[in-house]
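The values are calculated or read from the model by the stated rules, or taken from the named source; none is laboratory data. Because the structure is predicted, anything quoted here is derived from the model rather than measured. Counting neighbours? That spans all protein chains shown, and the Cβs are built from the backbone with ideal geometry, glycine included. For the accessible areas, the whole protein counts, side chains as well, though only heavy atoms, and no ligand, DNA or RNA atoms are used. Shrake-Rupley method; radii C 1.70, N 1.55, O 1.52, S 1.80 Å.
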Amino acid sequence: MPEKPTTGEIAGIASDPWMPAYTGLLTPQDDVIARRGGPQGAALYDEVRRDPEAFTVLSKRTMAVIEREWRVDPASDRRADKRAADVVRAQLDEIGLDRLTKGLLGAILKGYAVAEVMWEHRDGLWIAAAAKTRNQRRFRFDASGNLRLLTRGSMLAGIEVPARKMVVHRYTIHDHDDDPYGCGIGSVIYWPALFKRQVLAAWLQSNERHSDPTTWAQYSGQYDQSRQKEILDHLRNLGRNGKIVTPDDISIAYLQAASSGGSYRELSEYLDQMLTKAVLGETLSTSAGDNGSRALGEVHNDVRLALAKADADLVCDTINRTLVRWIIDANALPIAGGYPKLWRDFAEPDDLDKLSERDERLDRMGYRAPVKYINDTYGGDRVDIKAALPAGAPPSAEAAPGPDPAFAEAAGVPVDRVPDVLASRALAETAPARARMIDRLREIWMSAGSYDELIRLLLQASPDLDVSEVASVLADALAAADVIGRSGVTTDGD
């Protein structure tokens, strides 16, 4: 008989010997908060967000999620699941999902974020009318990982929070789930932001020092403290009044120190780059610099979008596990296939220029796309002018040319036979090019004296083997098959 699996948690937070819990409350494992946060805890990172560069990149990461459209999908096509999705969608819209998402994404910086749901009973339903993001310093977690709210009457242990009241979203840079406080990227960017403040302070002091020259006085004779004091007094008068009288054995000059602003600027920019990389994973979306390129910029933008999609998936998962389920359960809504799912759409729109080039090429080959496809793809309410010509009317001078002979015989063929016709025609059209390639490979094979020499000759000849003609024919054939297939699907759908 198989052994039953262990159902309980044996490596939980309560049994962690390295987790301090002397008062029954856990302390964050974030080293920066533990050593420098003090009573304010994660609020320490509010100072980091006041840095202009940190504020910019954090806002960019958050807005990359919020700008995407969201939707709620039912678990199935059954009526109960569709109604449940409609109820959830309406309540998330009333709450202001984007505003809630922005608040919960504060966990990226601080490790966790808490939002309080404000419920109302309206028209026989429990409605989540609002969700207010709260300051992290108001909360603690106990040894079981449960959230506790600090109040004026309970500043140390806090009070328990009601069920279905607080949405907690966590973010961690670690690879474990043992810290209910999470660990945000504030622990990473705190130091660059702190060092940059010190660099800017030193830079300002340097500019102030170098803005005015240093007055230098020389006199003849030995070291004389009383005379030096007298000269210094005169120099102070020079600074206030701009006039001074000295004996002819005293010379006065102004020393202008070379400014070191360049090094301060380079260090400040370097710290900004460290901060930007930690938040966005790249730098070109904020500053291209001298080595930026379009291709590299697109790669960096893809990295930023990947982070945004990951952030969206995590915060949607939190809302799906909490608020979405709470709305269904509080109203006892029947569901057949499961709870509805919230998600954000990160699909990139099609490149209309490339699509139009493909459709134009297919039109020259004799395959006109259906009007519904044109309207759905490019928008608008267009009509097929060619199809609207009266019977027997001569084509206009601007009419499109007839089908390309390369694939003309596929016109009028039933959709299920189109692949055979196109494949046969493609083989015929590429036969000369394939024959030339085979002849060239046969020459190389016959001239090689050994296997190693054959490999070397093939590598040398590969740049001269032109496959563009074959590729062009196959591309046209595949494009034709794609449009004909879409046309068949559209026709069936109508």
Arg89 vs (1) open to solvent by less than 30 Å² (accessible area, probe 1.4 Å); (2) under 20 Å from Lys341 (Cα atoms); (3) basic (Lys, Arg): all pass except (1)
Taking Arg140 and the conditions (1) closer than 18 Å to Ala42 by Cβ; (2) more than 25 Å from the chain's Cα centre (by Cα); (3) open to solvent by less than 20 Å² (accessible area, probe 1.4 Å), which numbered condition does it fall short on, given that it satisfies the others? (3)
Test Val199 against the stated conditions and say whether it is open to solvent by less than 90 Å² (accessible area, probe 1.4 Å), modelled with pLDDT under 95, β-branched (Val, Ile, Thr) and within 30 Å of the chain's Cα centre (by Cα). yes
Any idea which residue in the stretch 296-329 is surrounded by the fewest Cβ atoms within 10 Å (Cβ to Cβ), counting only those that are under 17 Å from Gln91 (Cβ atoms) and either at pLDDT below 95 or not aliphatic (A, V, I, L, M) (or both)? Arg321
Quick one: how many residues across the stretch 353-372 are at pLDDT below 75, open to solvent by 30 Å² or more (accessible area, probe 1.4 Å), on the phi < 0 side of the Ramachandran plot and small (Gly, Ala, Ser)? 0
Regarding Pro28, is this residue assigned to a loop (DSSP other than H, G, I, E, B) and open to solvent by 100 Å² or more (accessible area, probe 1.4 Å)? no
Can we say Arg50 is charged (D, E, K, R), open to solvent by 70 Å² or more (accessible area, probe 1.4 Å) and either modelled with pLDDT under 90 or touching a strand residue (DSSP E or B) at 6+ places or on another chain (Cβ under 7 Å) (or both)? no
Options Pro20, Pro39, Pro5: the member that is open to solvent by 40 Å² or more (accessible area, probe 1.4 Å) and modelled with pLDDT of 80 or more: Pro5
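Select from the stretch 53-74 the residues that are outside any helix (DSSP H, G or I) and among the charged types (D, E, K, R) and write down the one among them that is most open to solvent (accessible area, probe 1.4 Å). Outline the logic, then answer.
Here is the first cut: in the stretch 53-74, the ones outside any helix (DSSP H, G or I) are 67-74.
Applying the additional criterion that residues be among the charged types (D, E, K, R) yields 67-69, 71, 73.
Details: Glu67: 117, Arg68: 37, Glu69: 136, Arg71: 117, Asp73: 47 Å².
Within the stretch 53-74, the match that is most open to solvent (accessible area, probe 1.4 Å) is Glu69.
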Could you check, for the stretch 75-93, whether at least one of its residues is within 14 Å of the chain's Cα centre (by Cα) and in a loop (DSSP other than H, G, I, E, B)? no
Can you go through Ala128, Ala157 and tell me which one is of a type in the set (Gly, Ala, Ser) and surrounded by 15 or more Cβ atoms within 10 Å (Cβ to Cβ)? Ala128
Quick one: would you say Ala336 is at pLDDT 75 or above, out of contact with any Ser or Thr (no Cβ under 9 Å at 6 or more places or on another chain) and open to solvent by less than 80 Å² (accessible area, probe 1.4 Å)? no
Residues (open to solvent by 30 Å² or more (accessible area, probe 1.4 Å), in a loop (DSSP other than H, G, I, E, B) and either at pLDDT below 90 or farther than 30 Å from Ala90 by Cβ (or both)) located in the stretch 160-186: Ile173, His174, Asp175, His176, Asp177, Asp178
